[in-house]
Structure formats: structure tokens, C-alpha cells
Amino acid sequence: MIDERNTFGQVKRRDSRLQTLTTLAASNYLLTFLAAVLILYFGRTLFIPLSFSLLISLVLYPFCKWLENKGIPRSLSIAIGLISFSVLIISIIMLLVQQFILFTKEWPALQQKLTHVIDSTRSHIDQFYPDNSLGETGFLETIMQYGYDHVLPAIPEALYVSSISAVLLVLIPVYVALILFYRDILVQFLFSIIRSSRHHYVRNILPGVITTYYSFIKGMALVYLIVAVLNTSGLAIIGIPNPIFFGFIASILTFIPYVGITIGALLPIAVAWLKYDSVLYPIGVVIVFTVVQILEANLIFPIVVSKKLKINALVAIIVIIAGGIIWGASGMILFLPFVAILKLVADQMKETEPISILLGGS
């Protein structure tokens, strides 16, 4: 009986110590997570351009390395890569700007139709509110008062944020060039902070991560291009004005699972309804985007990119929202690629297999 009591007491003490250690470990993980979030939030002015630069560097590295293998000096290879990338981005922006200018030419007619709709809605409201509290004068006064109270005070802050963003935009190519030029030093630093017993992980994982991520970005660019062409073709067939603008915008927004395509469809649906005064055209827009989304998810993406880097929709939406909370619009763009890189690393390490399972798709 005494032995049984002693054994029971030892087991109970051991379970208590184990529970205490588990609680301490959970507390440490939680504190580390909160500290990381605070550092990312308060250091966003530094980390956002660095993050964009790091991702661009991963994309440009294989091309720059190929040029260096051809005998071109590293500095010149980096310059050629940056110029090529900048020309591509500027061309896409110019195309969207041109299409937006064409869209603005359609705006007077749409504005007239929208004004008619608003007047018609106001007249129906006045039938239920005879005091005319929502009449034209009150409506305009409300808008003006709202602008005075909220819009005007925000203008100085918007100008300040725009100036900071312009400076950061100039810093990004500088960061990219320096990261690519000093990449050997960065790799040596990575080896120095990791235990020697784990150096083989870096040697095996780092080249694979860079190559796979580069292929993933190329594949995603091709997917966005195909989706944009399909969106544009479908909108042009049913007669929606400025199909290139709406098609490309909707294609870019597809990086947000399910929600992005819905947001991208709202504007062409509204334009179709205002321009043609028929429910058939908005329905046609919905059909076009639905068909393209089904093709993208079940045919285009699996063939072009494969599912190796596909993040499941739940994790993707949570990551995008978290990125928006911490870094705003930049976080919504940046956090998902970094989670994809995390999945790449987790795929190649036995210890992180649970993370790979959690992040992966079906």
C-alpha cells in the first residue's frame, strides 16, 4: 500500500511538473509571437520596403546568376535585371493607366445615368418621408458637412503618407541591388547564426527554396495573364466597356481567395447595369467571372503552377487579413508570399511537417 501511494505521488508530481513546463513553453511562444507582431507593426517603415526588396531579389536572383555565368560582372547583371523588371512593371502600370483614362471618358454618361437613379431613389424615399429630410438640399448639406469634418482633416495626413511612400518606392531598387550584390555575406551570416549541426539544412533548402519560388512566381504571372485575357475576352463579348481595364484589375485581385474575384466583379457589374439598364448584362458579367474562376482553380492553376505551393483558402484569408491589420495594404500583398516561402521550408524539414500540413491545400 505504501509503495502504491509513493508511486502515485511520484506520478502526480511528474504530471504537475510536465504541466508547468507545458504552460511555460506556451507562455514563451505567446510572448515571442506578441513581440514579433509589435516589432513588425512599429518597424513597418523599415520592414515593408525591405520585404518587397527581398521578394524581388528572390525573383531576380536566378536571372542575375544566369547572366553572371555568361561572364557578365555581378554589378552589371544586377543592373540589367533591375532595368528589365522595372520596364515590365512600368509597362503594366501604363497599360492600366491608359485603360483607366479610357474609362473616365465613359464616366459623364455613367454619371448622368447614376444621377437619374439617385433622383429616382430620392423621389421614392420622399413618398415615405414627406418631411423631405432626405431632399436635395439636405442631402448635399450632409455630404458637404461630412467632407468638412472627415475629408479635409485627412488631406495633410494623406499627403504625408504619399510622400513617405514615394521615398520608400525609391529605396526598394536600392535595397534589391544591395541584397543581390552582398548575397554571399548574407548567406555567411545565416550560417553563423545557425548551429553547425543544421548547416546541411541551409545548403539543401536554400537553393531549392529560391528555385521553386522563382518558378512559382513565373507560373503565377502566367496564371494572372491567362485569367486577365479570359476576363477581357468574356467582357468584350457581352459588350462591357473598357474590358481590358476591368479584366486585368479582376485578375490581379484573384490573389485574395474567393473575395478578390467578388470585389473585381462589382465595378463591371455596376457599369453594365448603369450603361444598359438591363439585368441581363450584370448577370453576364457574373457568369464570365464565375466560369473564369472555375477554370483558374481547377485547370489553369494546377497545370501552370501545380499545387506544391498552394496555400489553403482558410490560411490565405487569415494571413491577408492579418497582413492588412499589421502593415495595411502592403501587408495584404506581402504576407502571403512569405507564408508560401514558410511552406516551402516546412516541406523539406521533418520537424516542421505539421506546419506544412496546416498550410497546404487538399
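Just so you know, all these numbers are worked out from the coordinates, no wet-lab data involved. The model shown is predicted, which means the values in this text are computed figures rather than measured ones. Don't worry about glycine lacking a Cβ; one is built from the backbone with ideal geometry, like all the others, and counts go over all protein chains shown.
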Fill in: Calculated from backbone phi, Karplus (6.51, -1.76, 1.60) coupling profile of segment 43-52 in Hz, x at Gly/Pro
x, 4, 4, 8, 6, 5, x, 5, 5, 4
Worksheet, complete the sentence: Label model pair residue 192, residue 35: point-to-point distance (7 angstrom along the Cα→beta-carbon line) in nm is 2.2 nm
Worksheet item: Along the principal axes of its C-alpha atoms, what lengths does segment 217-305 span, in descending order and rounded to whole Å?
Response: 40, 20, 17
Worksheet, complete the sentence: For 292, 170, ascending order of other Cβ atoms within 10 Å (fewest first) is 170, 292
